[in-house]
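Working notes, beginning with the structure itself.
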Amino acid sequence: MKALFVAGGTGGHVYPALEIARQFKNSGVQIHWMGKENSLEQELSLKEDFFFQPIMSSGFREKTYKEKIVSIYHFLLSFIKSIYIFRQLKPNFIFCFGGYSSLGPGLASRVLRIPLFIHEQNSVAGSANKLLVHFARNGFEGFPQSFDKNNDKIHFVGNPVRAEITSFINSNNEETFNGEFKLLILGGSQGSSQLNGLVMEALKKVKEKENWSIIHQTGVSDKSKLEEFYKELKINYKVESFIENMGEVYNNSDLVISRAGAMTISELIATYTPSILLPLPWATDAHQALNAKYLEDLGAAKVITSEEENISELAFVLTKLAFDNEERLSMANSAKLAYLPDAAKVIFKKIDESLQEDT
């Protein structure tokens with residue numbers, strides 16, 4: 001059997017696809033992957049011994065007129081190339097994970113009548129998935145009601161979280177509390193100067209932080225500025241451009257401050273980690289705000305609008321949670337109750353059952 005996965009652009013699309021692809025690979029399925037050249041998805045495909053096919057894609061919404069023309073051109077190229085590849089490869093099914101890279105291959109699967117499956121990671125379905133859901137045999141969603149709740153071919157399964165993170169769940173069975181408060185700050189893979197600035201100003205307002213230990217993941221551009229800032233605070237700190245061992249770092253953190261990307265939310269749930277979320281203000285369709293609200297409604301996170309006028313509120317909430325172990329424990333338990341384990345296995349089973357009906 002051959003399966004073709006289409007996921008690219010960001011880790012939020014790629015990592016859930018990777019976990020599901022691993023399930024199929026372990027069952028003996030040959031995995032092919034379509035994505036951008038010189039990208040995260042190509043790098044991971046090479047590591048996993050998948051067959052990689054490069055395609056061109058670029059965003060359309062909220063772009064300039066010229067950029068939209070380029071986006072349409074890339075879509076047409078990817079559509080034509082997908083038809084050619086699918087005819088040569090003859091995959092048993094196509095699995096798309098949203099984003100503009102999935103649109104050409106997804107529509108090509110319709111033309112050639114190849115079974116199509118899709119997965120939406122965010123609380124609001126993206127433009128590509130909103131279109132492809134009409135042609136998909138089944139759709140899967142990481143948040144409840146990302147798609148039309150009356151669509152019986154949609155299954156709420158959660159977001160598959162990579163094994164490199166879930167392998168650390170409950171690995172620290174012994175209490176190691178020594179009075180130190182361990183704070184993890186996540187600025188995203190590209191870094192966020194806006195979030196970094198808000199956090200630095202909030203930390204200045206926190207009076208008692210002598211026993212704090214901070215790991216701050218940021219982009220390359222703000223790294224030196226943050227290091228100078230933490231030196232002046234005279235606390236235990238580490239500033240990283242990228243964190244390799246995310247599972248271990250989550251496991252050793254008492255609280256996380258972060259944006260509210262879909263996979264960050266899913267990782268916080270999977271690792272039972274309390275959080276303060278500052279959703280990206282300019283995210284498309286305000287999807288980060290809705291992602292964050294989902295976690296807040298569960299009781300696992302505090303959500304603060306990412307604006308300068310809320311710096312004092314951020315400092316207050318951070319101080320309160322730093323010294324309130326019981327509230328953090330309650331938030332962790334709320335996340336634990338919401339965790340949907342084995343999402344990749346559930347998706348694998350449903351697709352396998354669907355394909356079996358064709359034989």
- prompt: Mind checking which aspartates and glutamates have their C-alpha under 12 Å from Lys204, skipping anything on the same chain fewer than 8 residues away?
  reply: Glu232
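Taking loop as defined by DSSP and a crowding limit of 10 other beta carbons within 10 Å, which trypsin sites (Lys or Arg not before Pro) in region 190-289 fit? Don't skip to the end; give the middle numbers.
Numbers: sites: Lys204, Lys205, Lys207, Lys209, Lys223, Lys225, Lys231, Lys234, Lys238, Arg259; in loops: Lys207, Lys209, Lys234, Arg259.
Loop-located and lightly packed - Lys207, Lys234.
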message: Could you work out the percent of alpha carbon pairs in region 166-338 separated by over 30 Å, rounded to a whole number?
response: 9
message: Report, in listed order, any pair from Lys153/Lys293; Lys47/Lys293; Lys68/Lys153 with a Cα-Cα distance greater than 28 Å.
response: Lys47/Lys293; Lys68/Lys153
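Are there chymotrypsin sites (Phe, Trp or Tyr not before Pro) in region 43-136 that DSSP marks as loop and that have at most 15 other Cβ atoms within 10 Å, and which are they? Please list the in-between numbers first.
On the way: sites: Phe50, Phe51, Phe52, Phe60, Tyr65, Tyr73, Phe75, Phe79, Tyr84, Phe86, Phe93, Phe95, Phe97, Tyr100, Phe117, Phe135; in loops: Phe50, Phe60, Phe97, Phe135.
Here the chymotrypsin sites (Phe, Trp or Tyr not before Pro) that fit, given the DSSP loop and packing criteria, are Phe135.
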- prompt: Out of residues 5 or more away from Ser213 or on other chains, whose amide H comes under 5 Å of its own, with H placed 1.01 Å from N in the peptide plane?
  reply: Phe181, Lys182, Leu183
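With 10 angstrom as the radius, rank Met34, Met331, Met246 by how many other C-beta atoms surround their C-beta, starting from the fewest.
On the way: Met34 27, Met331 24, Met246 18.
Fewest to most other Cβ atoms nearby, the residues stand as Met246, Met331, Met34.
What's the longest uninterrupted piece of the chain once you rule out the GluC sites (Glu not before Pro) that are loop residues per DSSP with at most 13 other Cβ within 10 Å? Provide the component values of the computation, followed by the final result.
Working: sites that count: Glu37, Glu62, Glu174, Glu175, Glu180, Glu208, Glu210, Glu244, Glu307, Glu357.
So the longest stretch without any such site is 63-173.
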query: Under a straight-distance cross-link criterion of Cα-Cα below 17 Å, which aspartates and glutamates are reachable from Lys231, leaving out those fewer than 8 residues away in the same chain?
result: Glu201, Glu208, Glu210, Asp222, Glu240
statement: Taking placed amide H atoms and a strict 5 Å upper bound, the residues 5 or more places from Ser253 or on another chain that come that close are none
task: Using only the alpha carbon atoms of the chain, find the Kirkwood hydrodynamic radius as the inverse mean reciprocal pair distance, in angstroms to one decimal.
output: 21.4
- request: First select every other residue whose beta carbon is under 12 angstrom from the beta carbon of Glu210; then total the charges, Lys and Arg +1, Asp and Glu -1.
  value: +1
- request: Can you tell me how much longer the chain between Asp49 and Leu355 gets when fully stretched, taken as 0.36 nm per residue apart minus their C-alpha distance, in nm with one decimal?
  value: 107.8 nm
field: CD proxy at 222 nm, helix term only [per DSSP H run n ≥ 4: -39500 (n - 2.57); per residue of the chain; nearest 500]
entry: -14000 deg cm²/dmol
- prompt: Looking at region 275-325, which chymotrypsin sites (Phe, Trp or Tyr not before Pro) are DSSP coil and have at most 12 other C-beta atoms within 10 Å of their C-beta?
  reply: Trp282
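Could you list Thr10, Thr218 so that the one with the fewest beta carbons within 10 Å of its beta carbon is first and the one with the most is last? Mind showing how you got there, number by number?
Details: Thr10 19, Thr218 26.
Ascending Cβ contact count within 10 Å gives the list Thr10, Thr218.
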task: Please work out how much length the chain gains when fully extended from Thr284 to Val70, using 0.36 nm per residue of separation minus the C-alpha to C-alpha distance, in nm with one decimal.
output: 75.1 nm
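Ranking Asp285, Asp358, Asp254 by Cβ neighbours within 10 Å, fewest first, what do you get?
Least crowded to most crowded, the residues run Asp358, Asp285, Asp254.
Rule-based calculations on the coordinates, nothing more; no lab input. Values in this document were obtained by computation on a predicted structure and should not be read as measured data. Positions of Cβ are backbone-derived with ideal geometry, glycine not excepted, and every protein chain shown enters the neighbour counts.
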